[in-house]
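The values are calculated or read from the model by the stated rules, or taken from the named source; none is laboratory data. Worth saying up front: this structure is predicted, and the values here are computed from it rather than measured. Positions of Cβ are generated from backbone atoms using ideal geometry, with glycine treated the same way; all protein chains shown enter the neighbour counts. The accessibility values were calculated without ligands, DNA or RNA, using every heavy atom of the protein model including side chains. Shrake-Rupley method; radii C 1.70, N 1.55, O 1.52, S 1.80 Å.
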Amino acid sequence: MSKLFTPIQAGALELGHRVVMAPLTRMRSDPGDLPSDLMVEYYTQRASQGGLIVSEATPVMREGYGYAGAPGIYDDAQIAGWRRVTDAVHAQGGQIVMQLWHVGRRSHVSLQPGGKAPVAPSAIPAQGHAYGPDGEVPFSMPRALERDEIPAIIARFGEGAARAKAAGFDGVEIHGANGYLPDQFLQDRTNHRTDDYGGPIENRARFLLEATEAAMGAFGPDRVGVRLSPSGTYGSMHDSNPPATFGYVAGRLDALGIAYLHVVEPRIRGTELIAETDAVAARHLRAAFGGTIIAAGGFDGPSAEAILKAGDADAVAFGRAFIANPDLPDRLREGAPLNAYDRSTFYGGDAHGYTDYPRLQRAHEHSAAE
Ligand SMILES: Cc1cc2nc3c(=O)[nH]c(=O)nc-3n(C[C@H](O)[C@H](O)[C@H](O)COP(=O)(O)O)c2cc1C
């Protein structure tokens, strides 16, 4: 008996099934970081009755950009465009939360207002590339945030959440994973601060928890989720004691009563499956977090069923499979084959590799076409 296709509650979100669309940066917004017509079509295609979509990561301020072409939620002018997306998803019977983003050090001066240095907890550069207006560029050396600059950034998460609410989103997810700003505060390789945002985990967790509370100011706790990637190394991340760090954070989020915890399994590096190991992170955090857990990272239908049946997660998010299969829930329900994804069209471009992946051909559609 399948568990993937049974209902589940995540805070105030009532889901008809447990196949979640993972947040996926696709860099196809219009100038002004506005949601495009193509984006409306893409999300409409992937909405399903009772399903949950987590939007692509969406910066809450211009300084939070590291990917040209990502849509924003830092300006009221962006609300109307997002409203088209949420209306379309709701019309299909689906729900959608917005992933709120600040990339911190994972940016380049060409993406920053005034060409300034990107900001971070500490002036420690990341290895790798940002997506600038003219293509990939090595990350710039970041500048350590002054203590008195931090409250204004936290407030932007609250403002982003309020705009997301005005745009009709069902909630928001704080992007605390994959080496972006909240994660840079959490993990001790990237946080060498000596003030109350650095040092012991109680301090390193402060940024993420305050950003979460700011978002709760708009939506209440039961429509705010948080994404974490314990032991993830993507973005040159490292922590000297991941079980303690992430266990503490999960416990604090549990006390806040958030809608769900979204856990990226460490067997994924960026987007590559590096080890066919068990999904260990969700199981570990289960001890500290009593609410709904969404697991992500390298799942297919059978492994998703397995983690649900083991009780280590309550729902499963799919990334690349959702890129290539707009009707992924139907395909998983029927055990139908999946379209292969084309990595070359992941980041930026046009409709090709974005809205042109085919749905399953159904018998009655065949006959209608004949
Ligand atoms: C093209 C692409 C864009 C992504 N963008 C985001 C993002 O915006 N936010 C995020 O938290 N994760 C992002 N991820 C990670 C996915 O959400 C997911 O965790 C990862 O792909 C592993 O799941 P999968 O094996 O089902 O693809 C992205 C992954 C891909 C392939």
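Quick rundown of the values:
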read-out: Tally of residues being polar (S, T, N, Q) and assigned to a loop (DSSP other than H, G, I, E, B) across the range 80-111; value: 2
read-out: Any hit, the range 140-160, residues being farther than 17 Å from residue 24 by Cα, of a type in the set (D, E, K, R), more than 15 Å from the ligand (Cβ to nearest atom) and modelled with pLDDT under 95; value: no
read-out: Number of the exception - residue 233 against (1) part of a helix (DSSP H, G or I); (2) under 22 Å from residue 317 (Cα atoms); (3) open to solvent by 20 Å² or more (accessible area, probe 1.4 Å); (4) not aromatic (Phe, Trp, Tyr); value: (1)
read-out: Scope the range 114-146; condition part of a strand (DSSP E or B), surrounded by 14 or more Cβ atoms within 10 Å (Cβ to Cβ) and of a type outside the set (A, V, I, L, M); matching residues; value: 129, 131, 132, 143
read-out: Members of the range 26-44 found to be open to solvent by 30 Å² or more (accessible area, probe 1.4 Å) and within 16 Å of the ligand (Cβ to nearest atom), listed by number; value: 33, 38
read-out: Pair list, Cβ under 9 Å, 6 or more apart: the range 353-370 residue surrounded by fewer than 10 Cβ atoms within 10 Å (Cβ to Cβ), other residue at pLDDT below 95 and part of a loop (DSSP other than H, G, I, E, B); value: 369/361
read-out: Some residue of the range 63-75 being open to solvent by less than 30 Å² (accessible area, probe 1.4 Å), in contact (Cβ under 8 Å) with a residue 24 or more places away in the chain, part of a helix (DSSP H, G or I) and of a type outside the set (Ser, Thr, Tyr); value: yes
read-out: Sole exception among (1) within 26 Å of residue 263 (Cα to Cα); (2) away from the ligand (no atom under 16 Å from the Cβ) for residue 65, by number; value: (2)
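Conditions (1) away from the ligand (no atom under 12 Å from the Cβ); (2) farther than 23 Å from residue 14 by Cα, marked per residue:
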position: 284; (1), (2): yes, yes
position: 302; (1), (2): yes, yes
position: 317; (1), (2): no, no
position: 336; (1), (2): yes, yes
position: 341; (1), (2): no, yes
position: 348; (1), (2): no, yes
position: 353; (1), (2): no, yes
position: 358; (1), (2): yes, yes
position: 362; (1), (2): yes, yes
